[in-house]
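The values are calculated or read from the model by the stated rules, or taken from the named source; none is laboratory data. From a predicted model like this one, the values you see are computed outputs, not experimental measurements. Heads up, the Cβs are rebuilt from the backbone with ideal geometry, glycines too, and the neighbour counts pull from every protein chain shown. Heads up: the accessible areas ignore ligands, DNA and RNA and are worked out on the full protein's heavy atoms, side chains in. Shrake-Rupley method; radii C 1.70, N 1.55, O 1.52, S 1.80 Å.
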Amino acid sequence: MQNTNEKKQTLKSVAGINIQFLNVFFITITAIVFCFILVISNTVNTRFHAVEKAIDKFIICEQSSELIKESANYLTDQARLFVVTHKTEYAEAYLNEINNENRQKKALEALESVCSEKDLALQRLKIALEQGQSLITMELYAIRLAYHAIENADIPEQIKNIHIRSIDKDIPLDKLHERAISNLFGEGYLIYKTRINENCRLTISAIEQQIKDELNLNSSELGANINRLRLLFLILLIVNVILFISFSYLVILPLEKFKTAIENDEKLNIIGSMECRHLAESYNEIYDLKAQNEKSLLKKAEYDSLTGILNRRAFDQICHASAEKQQPIALLLIDMDNFKAINDNYGHSGGDTALQELSRLLLETFRTDDYVARIGGDEFAAILPYCLPQAANIIKQKILGVNEKLVTIKDNIKPVSISVGVAFSSTGYSEDLFKKADKALYIVKEKGKRGCEIYEENYATEE
């Protein structure tokens, strides 16, 4: 009765600071302010979108112009390097650029995606590309002359198809090299290069002027609307500061104290908003229940001192819990073969080592949710929850793997192996399940040990 009265008194003390009410109140104010922001933003959107589109267009035009210049410069460098050094990798790089990379074509495609045919920027870049094609023709012809001057050169098919002009055919081979260099360093070639760069520069200038005009046209309207947005955001800031202070006092500070108490494994103080107080009360109830369960689990969780795995008592408790849950399980009864001989040959320390190594291997082999226990001197058992008969072959493979690893265990103790009997149940553990697993284990030993047998129903008729 006293506890009930205390809870009622707590509810009365927080009735005026219900966090849900504060939440709804501030959400309403925020929603109204946001509606005004949306209305103002809608008036700005059209003009801003036009400016944004112009900026995007400028970026693409600038990138396209730079790409055309980079490609033209790269082709020039490769062609010049080849005709000077006669190293074929430069000619191959040149052909790869015009046939595969083709940055000039990519630049034109990017520009066409944002410009119309009447756009001055597109027209100028097309002129630059046309001039670039003339440069390519001059460069390819210079490469052809250089290849012709190289004895026994393996000329690429594309270069081979370029015919040498009649005026150059009669020139001695040593002079062809000079002609090729002259073609790529002459005044005519440099004029084309200058025109390409000038057209790219003019393209950027035109786009910059277009953006300036659009910005001047829309700046006044944008400025006025931005000031309105600033005012609304200031209101939002004030609302959020009030909201933060309220939530800090009613929620954040209590939660920080709750966090510290939880880290220190302590019960929570009943503080903060009504919701936080209810949370603290619920946690304290769970805390008390958890403490009781942990005390109970500590009593049940007993482990074998030698091997570090579950002992017989813990195994029996797990079997009892499985029988109550009636969940599908697989029961494995595991015997170490020739354990007496191991003790006789290697002493008790050798026997202990063998048991420890087997326990370690069993833990490594089975799932973390499976239970492995030592239920006797050299007798082990494993319960595999939710394991169905379809997993029989997997279990056999696991046991085979354990036996293979036992051949070379610590301290070279030999021979060490295990015999395993397996039985499945769809309704949890039972004495009948244990007998079936034991019968399967007996069959393994009859067959010569070191193996795994799955219990089958016809074993009962054979008896």
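A residue that is outside any strand (DSSP E or B), within 22 Å of T307 (Cα to Cα) and not basic (K, R) occurs somewhere in region 417-429. The residues on offer are K267, K259, and the sole one that is at pLDDT below 90 and in contact with a Phe, Trp or Tyr (Cβ under 6 Å, 6 or more places away or on another chain) is K267. Only a single criterion out of (1) at negative phi; (2) open to solvent by 30 Å² or more (accessible area, probe 1.4 Å) is not satisfied by L331, namely (2). Of the residues examined, Y442 is one that is open to solvent by 50 Å² or more (accessible area, probe 1.4 Å), touching a Gly at 6+ places or on another chain (Cβ under 9 Å) and within 24 Å of G351 (Cα to Cα).
Say whether the condition of being open to solvent by 40 Å² or more (accessible area, probe 1.4 Å) and without any contact (Cβ under 8 Å) to a residue 12 or more places away in the chain is met by at least one residue in region 362-377. Yes, some residue in region 362-377 is open to solvent by 40 Å² or more (accessible area, probe 1.4 Å) and without any contact (Cβ under 8 Å) to a residue 12 or more places away in the chain.
Residues in region 411-435 that are touching a Gly at 6+ places or on another chain (Cβ under 8 Å) and either open to solvent by 30 Å² or more (accessible area, probe 1.4 Å) or closer than 17 Å to I394 by Cα (or both): D411, S419, V420.
Look at region 54-65: where a residue is touching a residue at least 40 places away in the same chain (Cβ under 8 Å) and more than 14 Å from L202 (Cα to Cα) and a partner is open to solvent by less than 70 Å² (accessible area, probe 1.4 Å) and assigned to a helix (DSSP H, G or I), sitting 6+ places away or on another chain with Cβ atoms under 7 Å, you get A54/Q210; A54/I211; A54/E214; I55/I211; K57/I207; I60/A110; I60/L111.
Matching residues to (1) in contact (Cβ under 8 Å) with a residue 12 or more places away in the chain; (2) within 43 Å of the chain's Cα centre (by Cα); (3) surrounded by fewer than 16 Cβ atoms within 10 Å (Cβ to Cβ):
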site	(1), (2), (3)
I196	yes, no, no
D213	no, no, yes
S220	no, no, yes
L243	yes, yes, no
L268	yes, yes, no
L279	yes, yes, no
I286	no, yes, yes
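Can you pull out every residue in region 115-125 that is open to solvent by 40 Å² or more (accessible area, probe 1.4 Å) and touching a residue at least 60 places away in the same chain (Cβ under 8 Å)? Hits for region 115-125 are L120, R124. With the condition kept exactly as written, say whether any residue in region 431-438 is closer than 27 Å to A354 by Cβ, touching a strand residue (DSSP E or B) at 6+ places or on another chain (Cβ under 8 Å) and aromatic (F, W, Y). Yes; the residues of region 431-438 include at least one that is closer than 27 Å to A354 by Cβ, touching a strand residue (DSSP E or B) at 6+ places or on another chain (Cβ under 8 Å) and aromatic (F, W, Y).
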